[in-house]
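These notes concern the structure reproduced below.
The values are calculated or read from the model by the stated rules, or taken from the named source; none is laboratory data. Because the structure is predicted, anything quoted here is derived from the model rather than measured. Heads up, the Cβs are rebuilt from the backbone with ideal geometry, glycines too, and the neighbour counts pull from every protein chain shown. Heads up: the accessible areas ignore ligands, DNA and RNA and are worked out on the full protein's heavy atoms, side chains in. Shrake-Rupley method; radii C 1.70, N 1.55, O 1.52, S 1.80 Å.
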Amino acid sequence: ESLAPSVKPLLDALGLDLERDGHLPCYGHRSTWGSDVPVEMCFDFNPYGHGWHLDRARFEERLAELAGCPRLLNTRIVDVESGWRVITDRETILADFLIDATGRRAALARRLGARIVRDDTLFAHVFFIDRGQGTGNGGQVEPYTENTTCAPFPVPCPLIDDTYTTIEAAEDGWWYRAPVPNGRTVAMFVSDHRVHDAHIVDASSARLDRVTGDRWLAIGDAATALDPLSSHGLGNALFTGMRAAEAIATGDFAAYEHDVGVVWSAYVSRRRELYAQERRWPSSPFWSKRYIAPA
């Protein structure tokens, strides 16, 4: 639900006006990481200005409008045959080129022979809090599911009263909290311990062993899935989508593969540096495996 300030050039290139669309500005970042003292980073001096907290449904509707192509909602791909002949549970579609935008499943790329390579395994327990229902632990909570319904849920973290995103390390993982439009807060606890719960989502770092093939390529999380700590998941999706369009137009798929690889390498290096900074719980299984980054 968040976009970092550095995404602004991509938004400008797409002609997206997030202020007009009613998204919530993000003016900074607050973290309790590596010590008990919170550290704030204000975006006032960022060359790209502030970031954004998104209304995701509205944001994706706008992207679909910009794309200007038909959308098949509530449609499942049954099979993909060479040609390309895409068989869905509603109709059969003929295509010259396939773009895998199926997220972390990379469903099309794996069907075509690509393999997911994990760099780290994480899970996130995600839920929404209605800030209008009070403060502290008294808010109404809306778990993050495909068919969301309001349900009571224990809220072990305070609600947010400003526009900052908040990251807070804990013994077994870390918390993320941020306000989103319509008076709500999104919160998640990230750990490598998975419990049997419908609201757990995959937050691992993973990539495809190849992101292009014969008349197909992968973008976004299907190509490279990022740890939410990076705050660049949506930015990466926009970047790879735009670069993929250029590659298809020019036929230069080697350049696309190279660019995706460069971004992935920089991301992995930075992520390991960030996790290595937190050393308050040396006996914690979560942190001990991340103190010394593998070569």
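For the stretch 249-284, the candidate set comprises residues that are assigned to a helix (DSSP H, G or I), touching a residue at least 60 places away in the same chain (Cβ under 8 Å) and within 20 Å of residue 193 (Cβ to Cβ); within that set, the residue that is most open to solvent (accessible area, probe 1.4 Å) is 274.
Please enumerate the residues belonging to the stretch 82-99 that are open to solvent by 70 Å² or more (accessible area, probe 1.4 Å), without any contact (Cβ under 8 Å) to a residue 40 or more places away in the chain and closer than 24 Å to residue 210 by Cβ.
Filtering the stretch 82-99 down to residues open to solvent by 70 Å² or more (accessible area, probe 1.4 Å) leaves 82, 85, 89-91, 94, 96, 99.
Filter once more, so that each one left must be without any contact (Cβ under 8 Å) to a residue 40 or more places away in the chain: 82, 85, 89-91, 94.
Of everything in the stretch 82-99, those that are open to solvent by 70 Å² or more (accessible area, probe 1.4 Å), without any contact (Cβ under 8 Å) to a residue 40 or more places away in the chain and closer than 24 Å to residue 210 by Cβ turn out to be 82, 85.
Checked against (1) open to solvent by 40 Å² or more (accessible area, probe 1.4 Å); (2) acidic (Asp, Glu); (3) under 23 Å from residue 180 (Cα atoms), residue 21 meets all criteria but (1). Criterion first (modelled with pLDDT of 85 or more and surrounded by 15 or more Cβ atoms within 10 Å (Cβ to Cβ)) does residue 180 satisfy it? Here the answer is yes, as residue 180 does meet what is asked. Would you be able to tell me the number of residues in the stretch 100-119 that are crowded, with 19+ Cβ neighbours inside 10 Å and not in a loop (DSSP other than H, G, I, E, B)? Here the count works out to 3. Against the criterion of being exposed (fewer than 11 other Cβ atoms within 10 Å of the Cβ) and on the phi < 0 side of the Ramachandran plot, residue 47 qualifies. Among the residues of the stretch 177-225, just one is more than 28 Å from residue 111 (Cα to Cα), in a loop (DSSP other than H, G, I, E, B) and aliphatic (A, V, I, L, M), namely 195.
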